[in-house]
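One structure is given below, encoded as structure tokens.
Readers should treat all values here as calculations from the given coordinates under stated rules, not as data from a laboratory. These figures come from a predicted structure and were not determined experimentally. Counting neighbours? That spans all protein chains shown, and the Cβs are built from the backbone with ideal geometry, glycine included.
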Amino acid sequence: MCKMSSIFILFAFLILFGCTTDKIIDKTTTNSPSKTSSSTTVTTEATTTSTTTAHTTTVSTTPTQLEIYYSNALGKSGESLKTALHNIIDDHIEISYSAVIEALKVTDEDPNNSNNIILLYTQRTQAKNTFVGSSNNQDYWNREHVWAKSHGDFGTSMGPGTDLHHLRPSDVSVNNDRGNLDFDESTYIHNECTQCFYDFDSWEPANSVKGDVARMLFYMAVRYEGDNGEVNLELNNLVNNGSAPYHGKLSVLLEWHEFDPVDDFERRRNDVIYEDYQYNRNPFIDYPEFANLIWK
Ligand SMILES: [Ca+2]
Ligand SMILES: [Ca+2]
Ligand SMILES: [Ca+2]
Ligand SMILES: [Ca+2]
């Protein structure tokens, strides 16, 4: 009996010990193949490492640089966040309206063809050298002010009129049809931009750029606050804003911002404008949560 229980206890011990060891090895092997010692610390280290790696690969500017850039805004909300962001992104280097043409060939370059740019509304890839200043060719490209330049009447003067964060290449006739319409859900399919909708008082861009449009307008409302003789641009929930310094429709833009999240094309564009042209960033591309913290 005594011998039998000893064998049984030994057998049970081996099973128990064997299983536990297997579990630890499995866990550590999965998280960190190079580590052989089995402990909770290893697992924690491995998890931390993989989280850091994933975060680094999703933003082209390292998190630390972004945190430094936005240090005076992080943790704030509402008007105090808007003011802090304004003070971070204002006083940017302004470029001329003619310099915008060459800049857009860089900021909006087709990632698959360096001879081409991607046109905003149609998302058509098109030769960079088909720019046209006047409207001679309705399928060439020109400079679209996403915040319609009549809303605040700033035209093409340096500042809001040449700010690359909201200037985009567009098909000439599509640009003309968008005109100065506010953004809202709209009724009719456009004959050339077949992913776009329009009606008498609004324009609805293609699904893939709805968020891009929203984030560009968020930037404009925060960048331009009426200081240094600049216009104060603001978002509202109206259409038919005409020449008032307002743009709608805020509630719809907030929905589009959620619906079409930031992508690599926008991130690269933001980096290029920051590093090579204006030395300021669009906060709503870097920290999408800022939009709801200010306007919801
Ligand atoms: Ca056209
Ligand atoms: Ca409408
Ligand atoms: Ca998009
Ligand atoms: Ca403003």
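For Lys296, go through the aspartates and glutamates and keep the ones whose alpha-carbon is under 14 Å away, minus same-chain ones fewer than eight residues off. Partners found: Glu79, Glu255, Glu258.
By definition, a body whose alpha carbon gyration tensor gives a ≥ b ≥ c is oblate when a/c is 1.5 or more and a/b is not larger than b/c, and the stretch 113-209 fits this oblate description. Each of Glu266, Glu144, Glu275, Glu79 has some number of other Cβ atoms within 10 Å of its Cβ, and from fewest to most they run Glu79, Glu275, Glu266, Glu144. With R₀ fixed at 41 Å, the C-beta to C-beta distance from Glu192 to Glu230 puts the FRET efficiency at about 0.75. Pull out a ≥ b ≥ c, the square roots of the eigenvalues of the alpha-carbon gyration tensor of the stretch 201-296, then state rounded if a/c is under 1.5, prolate if not and a/b is larger than b/c, and oblate in the remaining case. In terms of gyration-tensor shape, oblate.
Each peptide among 253-259, 213-219 gets the average number of other Cβ atoms lying within 10 Å of its residues, and from highest to lowest they stand as 213-219, 253-259. Each Lys and Arg contributes +1 and each Asp and Glu -1, all at the Cβ; summed about the Cα centre of the stretch 176-296, the dipole is approximately 120 debye.
Is the shape of the stretch 166-238 best called rounded, prolate or oblate, per the rule: a/c under 1.5 gives rounded, else a/b larger than b/c gives prolate, else oblate, with a ≥ b ≥ c the square roots of the Cα gyration tensor eigenvalues? It is prolate, given that a/c is not under 1.5 and a/b is the larger ratio.
Full extension of the chain between Asn176 and Asp201 gives 7.6 nm of extra length, using 0.36 nm per residue less the Cα-Cα distance.
Close lysine pairs were tallied over the stretch 60-295: pairs 8 or more places apart or on different chains with Cα atoms under 26 Å apart number 12.
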